[in-house]
1. Tell me what the chain gives for mean residue ellipticity at 222 nm when only DSSP H runs of n ≥ 4 count, each as -39,500 (n - 2.57), the sum divided by the residue total, rounded to 500 deg cm²/dmol.
2. Subtract the Cα-Cα distance of residue 171 and residue 253 from 0.36 nm times their separation in residues, and report this length gain in nm to one decimal.
3. If neighbour count is taken as other Cβ atoms inside 10 Å, put 132, 286 in order from fewest to most.
4. Using all Cα-Cα distances in the stretch 15-399, what percent lands in each 10 angstrom bin from 0 up to the longest?
5. Please state, to two decimals, what the Cα-based radius of gyration of the stretch 276-336 comes to when divided by 2.2 N^0.38 Å (N = residues).
6. What Rg and what Dmax come out for the stretch 77-119 when only alpha-carbon atoms are used, in angstroms?
7. Could you give the distance between the Cα centres of the stretch 358-376 and the stretch 235-296, to the whole Å?
8. If I model a spin label as a point 7 Å beyond the Cα along the Cα-Cβ vector, how far apart are those points for residue 345 and residue 186 in nm?
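What follows draws every value from the coordinates through simple rules; no lab data is involved. Worth saying up front: this structure is predicted, and the values here are computed from it rather than measured. Neighbour counts run over all protein chains shown; Cβ positions are idealised from the backbone, glycine included.
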């Protein structure tokens, strides 16, 4: 069992002000996704469209999140951390208003894409800010804390969305998201200090973004962490895109009950992220990844068997879903910390690569789950299992050090 020297050191005091601010910035995606999932039936009815076209508003959002990361990551290395966040938030607010005002499903799909192009700035730059200020193990701990703060969004957002639908139509959800963006923008302008190092700035000025990404893609361990984290994150996106149909249409729960079920699963992710933070007091991030990846495969296999056989129905599927999703809390911070530690001078570009691959894999998995939809939980479970197997393979064969090799 590896015990890097920075584990033994006494952890510094937790910078809660910074954690809360960065956690809010990383919450753009879960707020923008989870808050409107329960409104899918109403959007479909009000616009006279299909379930597939409505679900495409989620896929285009994920695609925008994937593409936008590759813009803001290099920009944050070259121009600093604050300016790209503020530009992204401005785009997000304008696009949220567009979502609220559009009258066609095609317009909503396009507006969601632009909304994601703006919203992704907060997450990609927030991760770089963390690596600017902490070492490998402390980065993993702080990222686990960000999951705690960010995790409030999947608990609050579905319930808030369902409550909004009781008193207003689905458009009000996007007006609220616009206000959320304005509040985050004000907090960044007033409270976030510049953290990019001179070394990072010099490195960014010496190469083009394409050259930086090309250099990173030649790093075997970075690819392992990136693919491992992206494919594990795709499990979460597969669930998100299928959850409304599964819980409301297949299992017959109300939109309000769906909000509670969604929130319980979010608690699982948050809880696992805090278990990870405690484990990091005596284990390295790589040690946690070894064990968590195998545990996730086991739960994914059992979930797929339960969905295929129908044994226990929803009372078997939903608890197993909880366990599969919890693996994200154990793996996300550690894969990100591992990748960022490969080359801290390119923290913004690494964060962009990690985020882009994660949302790209999520969009593909979301599409696959929808394309294979057959009125049961099996397509969702099968896609999840495939992602978990790919995640573990990338980590074990590319990222995790072999016996005798040091951790990063």
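1. Numbers: 18 runs with 322 residues, N = 408.
When only DSSP H runs of four or more count, the value is -26500 deg cm²/dmol.
2. On the way: separation 82, 0.36 × 82 = 29.52 nm, distance 2.28 nm.
Here the segment from residue 171 to residue 253 would lengthen by 27.2 nm.
3. Details: 132 19, 286 25.
Neighbour counts put them in this order, fewest first: 132, 286.
4. Binned Cα distances yield the sequence 6, 26, 36, 25, 8, 1.
5. Values: Rg = 13.5 Å, N = 61, 2.2 N^0.38 = 10.5 Å.
Cα Rg divided by the expected 2.2 N^0.38 Å: 1.29.
6. For the stretch 77-119, the Cα-based Rg and Dmax read 12.1, 39 Å.
7. Centre-to-centre (Cα) distance: 17 Å.
8. Computed distance between label sites residue 345 and residue 186 equals 4.1 nm.
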